[in-house]
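The values are calculated or read from the model by the stated rules, or taken from the named source; none is laboratory data. All of these numbers come straight from a predicted model, not from anything done at the bench. In this analysis, Cβ positions are derived from the backbone assuming ideal geometry, glycine residues included, and neighbour counts consider all displayed protein chains.
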Amino acid sequence: MTPDTLAARSLASVWHPCTQMKRHEADPPVAIDRAQGPWLHGTDGRRYLDGISSWWVNLFGHGHPHIRAALADQLARLDHVMLAGFTHAPVVELSERLGTLTGLGHAFYGSDGATATEIALKMSAHYWRNAGQAAKSRFVGLAGGYHGETVGALAVTDIALFREAYAPLVRLAATVPSPDARGAQPGESAADVARRAADALAQWLAEHHATTAALIVEPLVQCAAGMAMHDAEYLRQARALCDRYRVHLVVDEIATGFGRTGTMFAHQQAGIRPDFVCLSKGLTGGTLPLSAVLTTDAVYAAFYDDDIARGFLHSHSYTGNPLACRAALATLELFDRLDPLAHNPALAQRIDAACAPITRHPRVRYARRLGMVWAWDLQTTLPDFSRRYHRHAMARGLVLRPIGTTLYAMPPYVLDDEAVQHLGDAAFAALEATLAEETAP
Ligand SMILES: *Cc1c(COP(=O)(O)O)cnc(C)c1O
């Protein structure tokens, strides 16, 4: 590596996320020059299939002409205006569309997923305060839950590696057992596990509801926990319990939203209506940072008052940025035009077939899929399975980053037959190459 490569300059000037920087001594970051459809093109002239949608944000591939045209048009009209005291067509139209899609209203915007979590938690607690129940200011989440990594969001993110160093800064929320279907005892179904987890939630709420503002859940798939999937029964029971104990239900659809699990939003598979929904990641089709929180009329009404302090005074400089909102509108237009909810099941079956050698691999446990999310748990003695696998996949032109020993794929919705086959072949070859290192000297 010569010192003037982008990778070397990056290591000298950029602090990369979610990374022990010293590890880049062995594996320098890969410089990407351009991207088209599901492919990333490196400055090294190689191409890499984006098997995890660039951290779960991309839906319709990179550089989609419809989103590009919308952004070019918006940039020529209005780049940005503050949203306090002003409004504009992209934010109004997007809010109307998200309202129709979620059955909730009054979209409040942030810039990324963690800020959506912050907004939902603050709104919930402030609601109870406005309602004369200020004691309801604590939160409860699921074991292994992930809702972002800002100090507030870390309170409900139950992943030790991300949280431990900051424990003194965080007002830790309670955690109740996850309904993760892998926890099934012999003879138990996924729905049985869900009911068992709901019983634990019921016990917890019975004791703590008077001080609890909200339960926050990732519906159907706890992605960062390693694609832990659960039965929709859990969400139905959680909804009923939150109603009974007067606790808000916050549904974090940041990763599961926008068709990822087979329906527009995962919670819709349970037929429930949450009190808050958090959206981000796929919201702009993977082009620009944007998040939104939608809530009920009842919550909104509790803030509507002559008293300024009863209002929700939260703000970010770029709240409701016109370019980001326009990218989101263009993404929703692509849902109408391309109808991925209708077409993804057939695509998913082709990917199932291409990945069958992984699913059948003798070291794989709990092969699972929901919508456009695949996961396989590996039995391996390699403590750094994830890093080794990632390296072997990259060498084969495929981006996959296992979470611990869980290999997963979460590709964009636009893989052609060649890309599908490449995903299956490269993912399997990388697995064989990684496992071969178990016995290597
Ligand atoms: C990624 C993620 C977040 C955080 O989003 P950022 O944009 O990374 O801050 C929150 N919740 C869930 C479920 C996520 O997957």
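Observations on the structure shown:
- Count of residues meeting criterion [within 16 Å of the ligand (Cβ to nearest atom) and out of contact with any Asp or Glu (no Cβ under 9 Å at 6 or more places or on another chain)] in segment 51-63: 7
- Residue 165 vs. criteria within 16 Å of the ligand (Cβ to nearest atom) and either within 29 Å of residue 404 (Cα to Cα) or of a type in the set (S, T, N, Q) (or both): no
- Scanning segment 373-386 for residues that are more than 17 Å from residue 225 (Cα to Cα) and surrounded by 16 or more Cβ atoms within 10 Å (Cβ to Cβ) turns up just one, 380.
- Looking only at segment 290-311, and only at residues there that are in a loop (DSSP other than H, G, I, E, B) and surrounded by fewer than 18 Cβ atoms within 10 Å (Cβ to Cβ), the one that is nearest to the ligand (Cβ to nearest atom): 311
- Selection within segment 209-220: residues that are within 26 Å of the chain's Cα centre (by Cα) and away from the ligand (no atom under 16 Å from the Cβ). The member of this set that is farthest from residue 254 (Cα to Cα) is 212.
- Filter result for residue 232 (under 18 Å from the mean Cα position of the chain (by Cα) and surrounded by fewer than 24 Cβ atoms within 10 Å (Cβ to Cβ)): yes
- Selection within segment 50-77 - more than 20 Å from the chain's Cα centre (by Cα), within 13 Å of residue 35 (Cβ to Cβ), touching a residue at least 60 places away in the same chain (Cβ under 8 Å) and not in a loop (DSSP other than H, G, I, E, B): 67
- Any chance residue 113 is touching a Leu at 6+ places or on another chain (Cβ under 8 Å), surrounded by 14 or more Cβ atoms within 10 Å (Cβ to Cβ), over 20 Å from residue 336 (Cβ atoms) and not aromatic (Phe, Trp, Tyr): no
- Flag for residue 231 being at pLDDT 95 or above and touching a helix residue (DSSP H, G or I) at 6+ places or on another chain (Cβ under 9 Å): yes
- Under the condition of being under 30 Å from residue 402 (Cβ atoms) and out of contact with any Pro (no Cβ under 9 Å at 6 or more places or on another chain), the residues counted in segment 188-216 number 6.
- Just one residue in the set 80, 126 is in contact (Cβ under 8 Å) with a residue 60 or more places away in the chain and part of a loop (DSSP other than H, G, I, E, B); that residue is 80.
- Qualifying positions in segment 387-405 - surrounded by 15 or more Cβ atoms within 10 Å (Cβ to Cβ) and either polar (S, T, N, Q) or part of a loop (DSSP other than H, G, I, E, B) (or both): 396, 397, 400, 401, 402, 405
- Segment 188-208, residues that are of a type outside the set (A, V, I, L, M, F, W, C) and either within 16 Å of the ligand (Cβ to nearest atom) or touching a residue at least 60 places away in the same chain (Cβ under 8 Å) (or both): 208
Results for (1) under 21 Å from the mean Cα position of the chain (by Cα); (2) surrounded by fewer than 18 Cβ atoms within 10 Å (Cβ to Cβ); (3) farther than 23 Å from residue 296 by Cα, shown as yes or no for each residue.
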{"site": "128", "(1), (2), (3)": "no, no, no"}
{"site": "140", "(1), (2), (3)": "yes, no, no"}
{"site": "150", "(1), (2), (3)": "yes, yes, yes"}
{"site": "153", "(1), (2), (3)": "yes, no, no"}
{"site": "193", "(1), (2), (3)": "no, no, yes"}
{"site": "222", "(1), (2), (3)": "yes, no, yes"}
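- Condition check for residue 353: buried (at least 16 other Cβ atoms within 10 Å of the Cβ), small (Gly, Ala, Ser), out of contact with any Phe, Trp or Tyr (no Cβ under 6 Å at 6 or more places or on another chain) and assigned to a helix (DSSP H, G or I): no
- Test: residue in segment 76-96 that is buried (at least 17 other Cβ atoms within 10 Å of the Cβ), in contact with a Lys or Arg (Cβ under 8 Å, 6 or more places away or on another chain) and not hydrophobic (A, V, I, L, M, F, W, C): yes
- Filter result for residue 43 (without any contact (Cβ under 8 Å) to a residue 40 or more places away in the chain and touching a helix residue (DSSP H, G or I) at 6+ places or on another chain (Cβ under 8 Å)): yes
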